[in-house]
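Only the coordinates and a few stated rules stand behind these numbers; no lab work does. This one's a predicted model, so the numbers in the text were calculated from it and none came from an experiment. Here the Cβ positions follow ideal geometry from the backbone for every residue, glycine too, while neighbour counts run over all protein chains shown.
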Amino acid sequence: MDFKFTEEQEMIRDTARDFAKEHLAPLAGARDEEQQFPIEVIRQLGDLGFMGMMVNEKWGGSGLDAISYVLAIQELSKGDASAGVICSVNNSLVCFNIEKYGTDHQKETYLKPLATGQALGAYSLSESVSGSDAAGLQCFAEKKGDHYLVNGTKMWVTNGLHSDYVVCFLRTDKSHKTRGISAFIVDKKFPGFKVGKKENKLGIRASDTTELVFENCMVPKENLLGEEGMGFKIAMETLDGGRIGISAQAIGIAEGALEESVKYTKAREQFGQPLAKFQANEFKIADMAMRIDASKLLLYRACAMKDAGEKFGKEAAMAKLFASETAMWATTQAVQLHGGYGYTKEYPVERMMRDAKITEIYEGTSEIQRIVIARNVLNW
Ligand code: CAA
């Protein structure tokens, strides 16, 4: 067992850290306030090779390992959690499954622009009727000769507005629940496709979350990803990888809250001494640091297993669950340590607290992570 990062992993982390300090953190508050999508920043992340980090260089990616990927997402999320999720979705929920299940033609057409950052991707599984019960989705793709005719509405789609291509999970067989679902790559230019309502969210407000509406939308049959009926397995396998990305996002948020708290409690004096000198506050700082480190260890183990080609679904669920609960807890402590100032937009900790909440909800709620872990432990 080796607890050291490689030189390359450290270089990726430092590049992401510098980028976040210079290009993300300074405007994160304003973008949150105005719900402004950081499109220029995403293009720059593409130029740095951060939009297809684990994709093979042959397809325009950076060919990096999962540890490098999560180190980058952590640092980006520390600067701006919205940028963190935009990047994470493109990497682990879109590029991953096109690279794994796509044909060479699909990779040439869709993966290359996605991995280089020339295009942006979204992943669409949920609907109004199916969230945690993902296999309950109803949006229907009817096979008609050389295409599928799609009708229905998808929901909660991160990057729904600004993406170019969507990996979409649709029902192709109403007689089977999980095995009646297929995956498709949908180009948003296909006739009959439109973006629906954009959600006005509590946190990660600079990222967009929308409905996607299909009205007799024609999706060519060559846009089927993998085989018909394989969609649910692709969705689940993809989410195993997605959950390490969200775990990294949560750790970035928590670490940002810790750094802000250290700065503030050392500078702010009450009763004649810095807040950090009060033992009650020291204990908060100690617990934040410990929980963040424990989250990292869970995450890096899941990544090491992924890189070794082992099954890592349970470990990814543990990492996501622990890190997201840590982020929620640590950001709440950070607001408390800042007192009244923490409750205002003068300090970033209130945004971090709002951003942290979603990490306990998307890519599987904390309850779903516990189900995944329990089913693995109990072996059913
Ligand atoms: N990898 C590969 N296959 C898997 C798998 C995995 N991790 N998990 C399950 N499967 C397979 C099973 O082996 C089974 O295969 P067979 O049909 O061959 O037996 C099949 O899938 C069905 O599995 P289950 O019976 O376990 O399915 P279920 O209906 O009980 O659901 C669940 C399991 C874990 C609850 C699942 O529904 C789930 O993860 N729900 C949460 C959904 C979720 O995370 N949504 C997030 C939305 S995306 C998002 O938030 C993105 C964003 O924009 C940021």
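The Kirkwood hydrodynamic radius of region 253-310, based on inverse pair distances between different Cα atoms, is 13.1 Å.
Cross-link partners of Lys345 among aspartates and glutamates, defined as those whose alpha carbon lies under 15 angstrom from its own and excluding same-chain residues fewer than eight positions apart: Asp32, Glu33, Glu34, Asp80, Glu260, Asp355. Hey, for a label at Leu202 modelled as a point 7 Å past Cα toward Cβ, could you say which residues of region 343-380 have their backbone N under 15 Å away? Backbone N within reach: 350-363, 365-367. The order of Ser92, Ser128, Ser182, Ser247, going from fewest to most other C-beta atoms within 10 Å of their C-beta, is Ser128, Ser182, Ser92, Ser247. Phi-derived couplings, Karplus 6.51 cos²θ - 1.76 cosθ + 1.60 at θ = phi - 60°, listed residue by residue for region 341-351: 4, x, 8, 10, 7, 5, 10, x, 5, 5, 5 Hz, with x used for Gly and Pro. Going from the residue with the fewest nearby Cβ atoms within 10 Å to the one with the most, Thr103, Thr158 rank Thr103, Thr158.
About the centre of its Cα atoms, the chain shows a dipole size close to 820 debye [charges on the beta carbon of Lys, Arg (+1) and Asp, Glu (-1) only; nearest 20 debye].
Residues whose amide H falls under 5 Å from that of Tyr148, counting only those 5 or more places apart or on a different chain, are Val219, Lys221, with hydrogens built in the peptide plane. Remark: C-alpha extents of region 197-265 on the principal axes read 59, 28, 15 Å, sorted largest to smallest.
Percentage of Cα-Cα pair distances in the chain greater than 35 Å, rounded to whole percent? Taking all Cα-Cα pairs of the chain, the fraction more than 35 Å apart is 23 percent. Rg/Rh for region 1-107 stands at 1.00; both radii use Cα atoms, and Rh follows the Kirkwood definition.
The mean sequence separation of alpha-carbon pairs under 8 Å and at least six residues apart, normalised by the residue count of region 67-151, gives a relative contact order of 17 percent. Sorting Tyr148, Tyr101, Tyr69 from the fewest to the most surrounding beta carbons within 10 angstrom yields Tyr101, Tyr148, Tyr69. Sorting the Cα pairs of region 287-380 by distance into bins of 10 Å, from 0 upward, gives 17, 38, 29, 12, 3 percent per bin. With 5 Å bins beginning at zero, the pair-distance distribution over Cα atoms of region 48-154 amounts to 2, 12, 18, 18, 18, 15, 11, 5, 1, 0 %. Mean sequence separation of contacting Cα pairs (under 8 Å, at least six apart), scaled by the length of region 74-225, corresponds to a relative contact order of 24 percent.
Simple rule: put +1 on each Lys or Arg Cβ and -1 on each Asp or Glu Cβ in the chain, find the dipole, and look at Ile373, Val349, Ser207; the Cα lying farthest toward the positive end is Ile373. Computed from the C-beta positions of Ser175 and Arg268 and an R0 of 56 Å, the FRET efficiency is 0.30 to the nearest 0.05. Could you list log10 I(q)/I(0) for region 227-348 at q = 0.09, 0.10, 0.12, 0.20 Å⁻¹, which the Debye formula gives when each Cα is one point scatterer? Result of the Debye calculation: -0.34, -0.40, -0.53, -0.98. Based on Cα atoms of region 158-293, Rg over Rh with Rh as the Kirkwood radius reads 1.22.
Value of Rg to Rh for region 50-110, rounded to two decimals, is 1.01; Kirkwood radius and Rg both from alpha-carbon coordinates. Inter-label distance, Lys100 to Ala308: 1.8 nm, where each label sits 7 Å from its Cα along the C-beta direction. Highest GNM mean-square fluctuation, the chain, Cα pairs closer than 10 Å: which of Glu99, Glu34, Glu367? Between Glu99, Glu34, Glu367, it is Glu34 that shows the largest mean-square fluctuation.
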